[in-house]
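Before any comments, here is the structure.
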Amino acid sequence: MTSPLKVTLLSNFGLPIRGVSPYSSMLLSALKKYRDDFVVTAIDYRSAYPTFASPNPSALDLDSDRKSDVHYASPKSWRKFCTEAEDVVHIQYWTQFGAYYLLYICKYLRKLGKKSILTVHNPVAHETLFLLGRFEKALFRSVDCVIVHTEKGAEILREATANTEPPRVVVIPHGIKLVPAIEDKPQQSYILMFGNIRKYKGTDILLDAWEQIFEDFPDYKLILAGRIWGQGGGMIRRFMNQLLGGSEFSSDILRRLSRANEINIEPRIGFIEEEELDELILSASICVFPYREFSGQSGAASLAAGAGIPIVTSDLPGLSALNIDSTYIVSPLNPASLAKTLAECLKKDGATARSLQREIAENYSWERVAKAHLELYREVASVD
C-alpha cells in the first residue's frame, strides 16, 4: 500500500485582525477536504516578522492539529522546523523582511533531502531594502518551485532572476470565498474601500476622484474602512514607516480626512471587527481598489468579489482579472478616469452587476485552487 503524501504548510493562520488576507486559513480549510489523498500539517509562525513590518500577531487559538513554531529571530526554531517538517514543505511569503531566515530554512530543507515550495504573494515588494532584496533573489533560487498568482507576477519573477539560474514558476490564482447570495439584503448607497490604508493602494487617488463627483451623487457616501499603515506603535515602527516613505502619505490622508463631513466621506479608521466589515461589504454598492501598482492578487478585492459586490479596480493584471468587464477598470494614477468610471457604475442596475460579479468569482473557488495545489505537491514530491 502506498503511503499518503505528507505536506507541511508554514504560514500565519486564523489572524484575528482584518487587513491581512486570511489566505492561508482558507487554503488550509480547502486542502483538508482532500484528507483521503494526502496529509497536511500546518505550522504557525510564533512571529513571522518584526512588528514594524507586520503589525498583526499570529493567532493564539490554534486548533488541535496545528503547532506554533517558527520565530524570525530564533535560529533554533528554524532548525527544529526543518528537521520535523514533512518531505514536501509549502511556505507562504509576503514581505522581504522574512527573506533572510526563510533562505536558511529552504537551504537546510534541501540539505535534508526535502522539497520546498514558496508562494510569493507580492513579486514586487511593497517595501524594499537593498540587502534584503539580495536575500530574496537567493531565496527564490533555493526552492524547488515558486507559486505566484498571476502571469504578470511570473514574468516579474523571471525577469528579477534572469542573470542567475531562474526558479521554476507556477501560476495558481488567489482563491475566493464564495458567499451565498442573500436575496433580501438591501444594497445601500455607499462606495467602500477597505483594508490597510497604504500608499500603493491609491487611497489618495480615490479621494481626488470622489471630490470630482460627490456633488452629483448627494445620496451616496464614500466609506474608508481600515487602519492607516504606520500610525501608532513604537518608535521603531514609526521610524521604519518614515524610512520606507509611508509617513508623509499617512499624514496627508489624515489631513484630508479632517474635512470628511464636507464631502460625504465616512472614515472608519482603525481596527474593524470581522462581523462589522462583512456587513459593510455585503451592503456596499461598489467596492473600489485604485492601486498604484500591484504584482499579486488582492485578498480584499477577492473578498468583495466573492460576496458578489461589483469591484472597480486599476488596470493591473492581479486586479482586473476579477472585474465584470472593462467598464469597471480604470487607468492607474488617474483620478479623472476613476471619477468617470465610478459615476457610470453607480448608474448601472445593482442586481445585475452583483449577479455578474458572482459569476466571475466562481472561476476562482477555493476548491479549484486546492486541487491545483494538490497536483503540484504530487509533482514536486515525485521529482528526484
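The values are calculated or read from the model by the stated rules, or taken from the named source; none is laboratory data. Values in this document were obtained by computation on a predicted structure and should not be read as measured data. Reconstructed Cβ throughout: ideal geometry from the backbone, glycine too, with neighbour counts over all protein chains shown. Calculation scope for accessible area: heavy atoms of the full protein, side chains included, ligands and nucleic acids excluded. Shrake-Rupley method; radii C 1.70, N 1.55, O 1.52, S 1.80 Å.
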### Message
Checking residue 230 against (1) at pLDDT 85 or above; (2) closer than 30 Å to residue 28 by Cα; (3) surrounded by 18 or more Cβ atoms within 10 Å (Cβ to Cβ); (4) of a type outside the set (A, V, I, L, M), only one condition comes out false. Which one?
### Response
(1)
### Task
Go through the residues of segment 347-355 one by one and say whether even a single one is in contact with a helix residue (DSSP H, G or I) (Cβ under 8 Å, 6 or more places away or on another chain) and either part of a helix (DSSP H, G or I) or not basic (Lys, Arg) (or both).
yes
### Query
All but one of (1) in contact with a helix residue (DSSP H, G or I) (Cβ under 7 Å, 6 or more places away or on another chain); (2) assigned to a helix (DSSP H, G or I); (3) modelled with pLDDT under 95; (4) open to solvent by less than 40 Å² (accessible area, probe 1.4 Å) hold for residue 297; which doesn't?
(2)
### Task
Name the single residue, out of those in segment 306-336 being in a helix (DSSP H, G or I) and without any contact (Cβ under 8 Å) to a residue 40 or more places away in the chain, that is most open to solvent (accessible area, probe 1.4 Å).
326
### Message
Restricting to segment 263-294, name every residue that is in a loop (DSSP other than H, G, I, E, B) and of a type in the set (Gly, Ala, Ser).
### Response
270, 284, 285
### Task
Tally the residues that are polar (S, T, N, Q) and surrounded by 12 or more Cβ atoms within 10 Å (Cβ to Cβ), restricting the search to segment 249-276.
3
### helices (runs of 4 or more DSSP H) wholly inside segment 120-215 containing at least 1 residues that are at pLDDT below 95 and either open to solvent by 10 Å² or more (accessible area, probe 1.4 Å) or among the acidic types (Asp, Glu) (or both)
130-142, 151-160
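Given 379, 375, 344, which one is surrounded by fewer than 18 Cβ atoms within 10 Å (Cβ to Cβ), touching a helix residue (DSSP H, G or I) at 6+ places or on another chain (Cβ under 7 Å) and assigned to a helix (DSSP H, G or I)?
344
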### Task
Within segment 74-102, count every residue that is outside any strand (DSSP E or B) and either in contact with a helix residue (DSSP H, G or I) (Cβ under 8 Å, 6 or more places away or on another chain) or at pLDDT below 80 (or both).
13
### Task
Hey, can you tell me all the residues within segment 13-58 that are modelled with pLDDT of 70 or more, open to solvent by less than 30 Å² (accessible area, probe 1.4 Å) and under 19 Å from residue 274 (Cα atoms)?
13, 23, 24, 27
### Query
Is it true that some residue in segment 100-113 is over 20 Å from the mean Cα position of the chain (by Cα), at positive phi and open to solvent by 10 Å² or more (accessible area, probe 1.4 Å)?
yes
### Task
Identify the single condition in (1) at pLDDT below 90; (2) in a helix (DSSP H, G or I); (3) surrounded by fewer than 17 Cβ atoms within 10 Å (Cβ to Cβ); (4) of a type outside the set (S, T, N, Q) that residue 61 does not satisfy, given that it satisfies every other one.
(2)
### Message
Anything in segment 1-12 that is among the hydrophobic types (A, V, I, L, M, F, W, C), modelled with pLDDT of 90 or more and over 19 Å from the mean Cα position of the chain (by Cα)? List them, or say none.
### Response
5, 7
### Message
So, residue 91, is that one within 25 Å of residue 311 (Cα to Cα), out of contact with any His (no Cβ under 6 Å at 6 or more places or on another chain) and in contact (Cβ under 8 Å) with a residue 40 or more places away in the chain or not?
### Response
no
